[in-house]
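Student: The structure is given below, and queries will be raised subsequently.
The values are calculated or read from the model by the stated rules, or taken from the named source; none is laboratory data. Remember, predicted model here, so these are calculated numbers, not experimental data. Cβ: placed from backbone, ideal geometry, glycine included. Neighbour counts: every protein chain shown.
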Amino acid sequence: MRFGDIIGQEEVKRQLRQAVRDGRIAHAQLFAGPAGVGKLALALAYAQYIACPNRTEHDSCGTCPTCVQFSKLQHPDLHFAFPIVKGDDGDVCDAFAEKWKGLVTEHKYFDLDDWYRVMGVETKQGMIYEKESSEILRKLSLKSFAGGYKIMLIWQPEKMNIACANKLLKLLEEPPTMTLFLLVSEHPEQLLSTILSRVQEVRVPRLSEETIAVGLRTEYTWLDAEEAQDIAHMANGSYLTALKMMSESEDNQAFFDDFVALMRNAWLVGQKKDYSALLNLRRWSMDMADSKVGREKQKAFLQYAQRQLRENYIHNFGNSEMNYQTKQERAFSTKFAPFIHDGNVEKMMEELSKAEQQITQNGNAKIIFFDLCLQMIVLVK
């Protein structure tokens, strides 16, 4: 990974390069910031920049044997620790190394959910177990292959159990010679305060809308400027969110259509006494409950609907900067937003959240979605 491969974060890159040039490389550094802003990519680019024998003022060379090994995550002085789920594959990170390296080399931006899907454990929570601390010590006690730093990159260190965290603390207090710890965290407040006191923080901020929009148009050359700007605004500083919105655009269109159908027909029944719309809602609930839709997509729709309620409520304040909607969603909100107000928004959110929880608990989808329709008839007014 090279700095040039990462969109934005120019000030962070400058600070990292300057630290290397000045010989001020802290032995333990914490890359902290929200999801999807490039923390892991920056840590990898920084590690490669430090190790590259032919680095320039601005970046690693990218072509020397060291850079080639780093780009493939195969350099013998580069080690990783990350959350795993104990199982048939093993109980230390090395057992998942190939899956991890495959994900990192294919995607510069990903989150815990993406990693859990790669491991095939979407319904479980990963952890960095106590045994991993012994593996970390063993690896860092080895002689450096290239005579430089031995680098331990810990992704999501907040997922360490307390025993592992305490053992890591001892390593940070008395690190082996020529050792560099790079911690990459979304929730540094969950780390032990004693660990936080022993690391130098590298704050990685949210990306600007302009940076995200340019990145999207570079990656998706067919994307027009207005649509790229809309997505960048909704991404709220996260390039990962923007990428997921691009990959889910087809689903989002279907979710929008379903949301409009639910709200429009509920209003027609409740306010206009149009009982043909009740039949539409019955069909809508049956379609949503169809097994072909699947529970994950059902939950995704309910999450989308909750977001749209929030956006429609905020729309009433007349501040477009506070709204995170597509052009199509904004057009619908101009007519629909007045029906979402202090008198019903909290109860509507509660009903959607309850339906999501019931779907998660494998409730009867036909009953859940038709009951949701009935609740919306009463509330949309």
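Student: Under 7 Å between Cβ atoms, at least 6 apart or on separate chains: pull out the pairs that start in segment 328-345 with a residue that is more than 25 Å from Ser249 (Cα to Cα) and touching a residue at least 12 places away in the same chain (Cβ under 8 Å) and end on any residue that is outside any helix (DSSP H, G or I) and among the β-branched types (Val, Ile, Thr).
Tutor: Qualifying pairs under 7 Å: Phe339/Val380.
Student: Another one. The conditions are (1) surrounded by fewer than 16 Cβ atoms within 10 Å (Cβ to Cβ); (2) touching an Asp or Glu at 6+ places or on another chain (Cβ under 9 Å); (3) assigned to a helix (DSSP H, G or I), and Leu216 fails exactly one of them. Which is it?
Tutor: It fails just one condition, (1).
Student: So the check is Cβ under 6 Å with 6+ separation or different chains; which pairs have a first residue in segment 203-219 that's free of Cβ contacts under 8 Å to residues at least 40 places away in the same chain and a second one that's outside any helix (DSSP H, G or I)?
Tutor: Leu216/Leu223; Arg217/Leu223
Student: Could you pull out the residue among Lys131, Lys139, Lys159 that is basic (Lys, Arg), in contact (Cβ under 8 Å) with a residue 60 or more places away in the chain and either farther than 21 Å from Ala47 by Cα or outside the structural domain of Gly87 (by TED's automatic domain parsing) (or both)?
Tutor: Result of the check over Lys131, Lys139, Lys159: Lys159.
Student: Conditions: (1) more than 19 Å from Lys159 (Cα to Cα); (2) touching a strand residue (DSSP E or B) at 6+ places or on another chain (Cβ under 9 Å); (3) not in a loop (DSSP other than H, G, I, E, B). Ala95 meets all but one. Number of the miss?
Tutor: (1)
Student: Output the number of residues of segment 219-247 satisfying the condition of being within 23 Å of Ala41 (Cα to Cα), surrounded by fewer than 18 Cβ atoms within 10 Å (Cβ to Cβ) and among the small types (Gly, Ala, Ser).
Tutor: Final tally of qualifying residues: 1.
Student: Looking at (1) of a type outside the set (Asp, Glu); (2) loosely packed, with under 14 Cβ neighbours inside 10 Å; (3) assigned to a loop (DSSP other than H, G, I, E, B), find the lone condition where Ala331 falls short.
Tutor: (3)
Student: For segment 149-176, which residues satisfy the criterion of being in a loop (DSSP other than H, G, I, E, B), in contact with a helix residue (DSSP H, G or I) (Cβ under 9 Å, 6 or more places away or on another chain) and loosely packed, with under 15 Cβ neighbours inside 10 Å?
Tutor: Passing the criteria: only Asn161.
Student: Also, I was wondering about something else. Quickly run through segment 105-118 and pick out the residues that are outside any loop (DSSP other than H, G, I, E, B) and under 14 Å from the mean Cα position of the chain (by Cα).
Tutor: Leu112, Asp113, Asp114, Trp115, Tyr116, Arg117
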